[in-house]
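Computed from the coordinates by the stated procedures, all read-outs in this text should not be read as laboratory data. The structure displayed is predicted, hence computed values, not measured ones. Heads up, the Cβs are rebuilt from the backbone with ideal geometry, glycines too, and the neighbour counts pull from every protein chain shown.
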Amino acid sequence: MQFLRWIFDHYSALMTPELIDPRGPRFTAGITTIVLATALLSGSWIPVFVQCVQFALGGFVSPKKAPYGLIYINLIQPRLSKDFSSEPINGPKFAQKVGFLCTVVALGGSLIGNYVTFAIAVAFALAAAFLNAVFNFCLGCEIYLIGQRVFSKKFR
Amino acid sequence: MNHLVILGIVLGVSTIFGLWYRSSRGTVKPHSSTQLTESDLNSPLGTRFTLVQFSTDFCSFCRPTRKLLEEISQAVNDVKYLELNAETKVDLVKRAKILSTPTTLILDANGIEIGRVIGVPKRDQIVDAISPMDI
């Protein structure tokens with residue numbers, strides 16, 4: 001009986017999406033806005049590289065384990081109200097993956113000396129982060145279905 | 001082009017888009033009259049209205065939308081709430097021209113769409129659309 005309960009608890013944990021404090025991704029988006037604005041102003045690849053690492057950890061590991069997420073959890077969240085409605089982590093992870101793609105393109109543009117590619121890729125990631133931070137724009141909500149239409153056979 | 005000008009353009013255009021985005025979400029808007037049947041929904045329709053929410057796993061606002069619509073459907077007579085996964089109900093997504101989630105369709109007793117809300121609905125918008133006298 002104990003064994004069955006152990007199996008059930010682990011199965012439930014796997015099937016239930018991990019939840020996140022929704023204020024965390026907005027805080028992360030705020031820092032991202034500053035970092036990418038710095039990149040666009042300076043034309044430097046260094047802040048883009050830093051952001052790329054953040055996006056990679058946030059998108060492929062967990063937003064909670066990426067640098068900005070750790071700052072939020074340890075320094076900001078304890079000072080905020082505990083009254084909030086959690087959201088599934090899938091949306092923020094998806095947005096981080098999109099950001100990762102943008103920063104990889106930007107770094108590639110910087111590597112080959114193509115400023116236009118660099119600037120466009122940084123501008124897109126910056127716009128998405130700014131919209132998330134200021135207007136609570138949900139990238140996953142808006143583009144996921146459109147992406148499915150383009151890339152998925154079942155949507156054609 | 002000056003880097004500051006580029007930054008200004010990006011933030012300026014984003015702000016304009018953000019203001020439009022914020023104003024366009026949450027309100028009931030008329031749309032082309034999609035009709036969804038009980039066999040489409042695998043469920044009976046509400047006797048007066050049915051609120052059909054299209055969601056995905058990547059949608060941060062689907063949870064608060066679900067919570068709000070469940071509350072309203074429980075408080076208002078003869079209004080049913082259904083939630084559909086947009087990733088699996090592909091044919092309905094295409095027929096109803098769902099582009100983002102959450103999108104909530106308000107169906108009458110015959111399954112004909114009388115309006116839709118993109119984003120988290122504003123409570124008073126839904127209530128006014130379905131039952132102005134009940135709440």
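Given only helices, namely DSSP H runs of n ≥ 4 each adding -39500 (n - 2.57), what is the per-residue ellipticity at 222 nm of the protein assembly as shown, to the nearest 500 deg cm²/dmol?
Calculated at 222 nm, the ellipticity per residue is -18000 deg cm²/dmol.
How much net charge surrounds B:T103 when only the other residues with a Cβ under 10 Å from the Cβ of B:T103 are counted, with Lys and Arg +1 and Asp and Glu -1?
That sum, taken over residues with Cβ under 10 Å, equals +2.
For the protein assembly as shown, what is the percent of antiparallel DSSP beta bridges, rounded to the nearest 5?
The antiparallel proportion sits near 70 percent.
Please enumerate, by chain and number, the lysines with C-alpha under 28 Å from the C-alpha of A:K64, excluding those fewer than 8 residues away in the same chain.
A:K82, A:K93, A:K97, B:K67
Within 10 Å of each residue's Cβ, count the other Cβ atoms and sort A:F137, A:F60 from fewest upward.
If I rank by nearby Cβ atoms, fewest first, I get A:F60, A:F137.
Taking the C-alpha atoms of chain B, how large are the radius of gyration and the largest Cα-Cα span, Dmax, in Å?
Expressed in Å, the Cα Rg and Dmax of chain B come to 17.2, 62.
Which of the three applies to the range A:70-156, rounded, prolate or oblate, going by the alpha-carbon gyration tensor with a ≥ b ≥ c and a/c under 1.5 meaning rounded?
Judged from the Cα gyration tensor, the range A:70-156 comes out oblate (a/c at least 1.5, b/c at or above a/b).
Just name one of B:L68, B:F58, B:L105: the one whose Cα is farthest towards the positive end of the charge dipole of chain B (beta-carbon charges, Lys/Arg +1, Asp/Glu -1).
Of the listed residues, the answer is B:F58.
Could you order the peptides A:29-36, A:119-126 from most to least packed, using the average number of other C-beta atoms within 10 Å per residue?
Order by mean packing, descending: A:119-126, A:29-36.
Report the chymotrypsin sites (Phe, Trp or Tyr not before Pro) located in the range B:28-94 that are in a DSSP loop and have at most 10 other Cβ atoms inside 10 Å of their Cβ, or state none.
Hits after loop and neighbour filter: nothing returned.
Unpartnered cysteines of the protein assembly as shown (Cβ-Cβ under 4.7 Å counts as a partner)?
A:C52, A:C102
For the residues B:K80, A:K82, A:K65, what sequence is obtained by ranking on other C-beta atoms within 10 Å, fewest first?
A:K82, A:K65, B:K80
Calculate the mean, over all residues of peptide A:131-139, of how many other protein chain Cβ atoms lie within 10 angstrom of the residue's Cβ.
6
Under a straight-distance cross-link criterion of Cα-Cα below 13 Å, which aspartates and glutamates are reachable from B:K97, leaving out those fewer than 8 residues away in the same chain?
B:E113
Using a 10 Å cut-off around each Cβ, can you sort A:R26, B:R22, A:R79 from fewest to most neighbouring Cβ atoms?
Lowest to highest Cβ neighbour count: A:R79, B:R22, A:R26.
List the aspartates and glutamates whose Cα sits under 17 Å from the Cα of A:K65, skipping any in the same chain fewer than 8 residues away.
A:K65 reaches A:E18, A:D21, A:E87.
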